[in-house]
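Report on the structure given below.
The values are calculated or read from the model by the stated rules, or taken from the named source; none is laboratory data. A quick note: this is a predicted structure, and the numbers were derived from the prediction, not measured. Backbone-built Cβ (ideal geometry, glycine too); neighbour counts: all protein chains shown. In case anyone asks, the SASA skips ligands and DNA or RNA and just uses the protein heavy atoms, side chains included. Shrake-Rupley method; radii C 1.70, N 1.55, O 1.52, S 1.80 Å.
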Amino acid sequence: MGAEASRKRRKLFFESYAEIDAQKARVKHEEDIRKTNQNETENDENNDESTDVKIARLISLYPRYDEAALLDVLISYEGCVEAASAALDVGSDADQSPSSPPASLSAREAAAKSVPGIQTSLFSSFTSSSQSSSGWAKPLTKRGKTLYLYSPQDVASNTPCSIIHNFLPPEEANDLLTELLEDAKSFQPETFQLFENQVQSHHTSCRYVSTDHEMMIEHGAEFVYNGIVRTDTRKISSRMNAVSEKVQKAVNQEIQKRIKTHYPEGKKLKYQSPKNWEPNAAIVNCYTGPQENLGWHSDHLTYLGPRAVIGSLSLGVAREFRVRRVVPRDGDEEKEEQVVLKSTKNRFSDKIANAQGQISIHLPHNSLLVMHADMQEEWKHSVPTAQTISPHPIAGNRRINITYRSCRESLHPRNIPRCRCDVPAILRCVQRKQGTQGRYMWMCYAGYSPGSKGCSYFQWAQFDDDGEPLWEKMGVKPYSHGKA
Ligand SMILES: O=C(O)CCC(=O)C(=O)O
Ligand SMILES: [Fe+2]
């Protein structure tokens, strides 16, 4: 391919060469982190390669894909050549060798095919024969493949989520969208600490709370949420509040349905709150254009408590929401905890967690997705970059998402233990370690705030059956109890 043609094709993916370099730097940075994680958990023979070497390896394997497309795939797989290569193999016709992609495959198609796998049909590609212990069908996913789901029935049967399409009366959805698009003009990307570097999210967001009381508390001090120091907290508007009441009603109905149809013996899960779900905070996310995204993560449980339920309303441009189950594996307990901690810093995915493939849920304008109590502890989710988007008549190329959350009073920052850095500790669930999977722990949070290193504070968490903290049993003094 001529240099000029190659440059043109690169431009299909990136606005500028600076962006390619920035992407490469990002991959390199992510690689460094992955390398650190892997060094601590496993001996990976491939982990000292630079991004350029990895790209060179992919180019030699897939000579007919251009560099930008391969870089895109490598980014999707967090710098793991093997995973990227597996995805490209899936993306190629089954009977073609990796070095012989279809002759007509453009760079855009190559990337589309490679991120990450193609479902042919829900019922022909995937088969399910058994139910998991929590009652829902075993995921129908396969390694390196993505199962695309659209219908509420498919979503409820195959994921820990349920979805309601056309949730609000159309005018109400449009009015809320218009209001939030205006608000979002002053949203900022999230900044979080990734070891010694500060990293910015690839979308903007803002936290909203429902009462003046919460506003006063949160304005005095930085509020750490989802691993991010949030200095901009706003008050929920009357329009958002009216919608919040509808979300509350629908989410409570969905929770009851879920308990009856999916959970063992039709009972709520251990640690799930038996109370009516009442949203008192929201994070509003704004994704401008197809490249803005949110990486793999589980939502932090620090203020929500175990078995949290989240109502997530999508407005504007339709995007994909991906979920994948976290697969437990064996490893050293202490190192595993460090990995969990680090993975919250960088919202990093784990190639082992990818072993069962991913599920993509289509999120159109005015859809309410409920992430149920079986979600955060056992699954990760993301909003990936899109190859193309259909402009929305009001939002243009933007998508607004509101995640309504119910923070527990018992886990308010003033009530939770503080580590030696004098920062409220973070609550995490062990997701991957066989043996301790499902156990909760309190850890130092300070390492998340830019410029701070953090301490090694660690304490197993204990809760009653309804997910309320048992501070005394843990021998922990909540912050406010220690105050005069
Ligand atoms: O934008 C979305 O649909 C998901 C947002 C999300 O996962 C979050 O705010 O934690
Ligand atoms: Fe999330």
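Observations on the structure shown:
- Qualifying residue in the stretch 266-280 (condition: more than 16 Å from ligand 2 (Cβ to nearest atom), part of a helix (DSSP H, G or I), at pLDDT 95 or above and closer than 26 Å to Gln431 by Cα): yes
- Of the numbered criteria (1) open to solvent by less than 10 Å² (accessible area, probe 1.4 Å); (2) modelled with pLDDT of 95 or more, the one Phe463 fails is (1).
- Considering Thr127, Thr178, the condition of being of a type in the set (Val, Ile, Thr) and at pLDDT 95 or above is satisfied by Thr178 alone.
- Entry remark, the stretch 406-428: residues being within 16 Å of ligand 1 (Cβ to nearest atom) and open to solvent by less than 10 Å² (accessible area, probe 1.4 Å) number 2 in total.
- For the stretch 390-408, a residue qualifies if it is at pLDDT below 95 and more than 16 Å from ligand 2 (Cβ to nearest atom), and exactly one does: Arg408.
- All positions within the stretch 281-319 that are out of contact with any Ser or Thr (no Cβ under 8 Å at 6 or more places or on another chain), closer than 19 Å to Glu182 by Cα and within 15 Å of ligand 2 (Cβ to nearest atom): Tyr287
- Subset of the stretch 430-460 [modelled with pLDDT of 70 or more and out of contact with any Asp or Glu (no Cβ under 9 Å at 6 or more places or on another chain)]: Arg439, Trp442, Cys444, Tyr445, Gly454, Cys455, Ser456, Tyr457, Gln459, Trp460
- Test: residue in the stretch 270-282 that is within 11 Å of ligand 1 (Cβ to nearest atom) and among the hydrophobic types (A, V, I, L, M, F, W, C): yes
- Criterion violated by Val370 - all others in (1) within 13 Å of ligand 1 (Cβ to nearest atom); (2) open to solvent by 50 Å² or more (accessible area, probe 1.4 Å) satisfied: (2)
- Count of the stretch 161-186 residues, restricted to those that are surrounded by 19 or more Cβ atoms within 10 Å (Cβ to Cβ) and in a loop (DSSP other than H, G, I, E, B), is 2.
- Scanning the stretch 207-214 for residues that are at pLDDT 65 or above, assigned to a loop (DSSP other than H, G, I, E, B) and open to solvent by 30 Å² or more (accessible area, probe 1.4 Å) turns up at least one hit.
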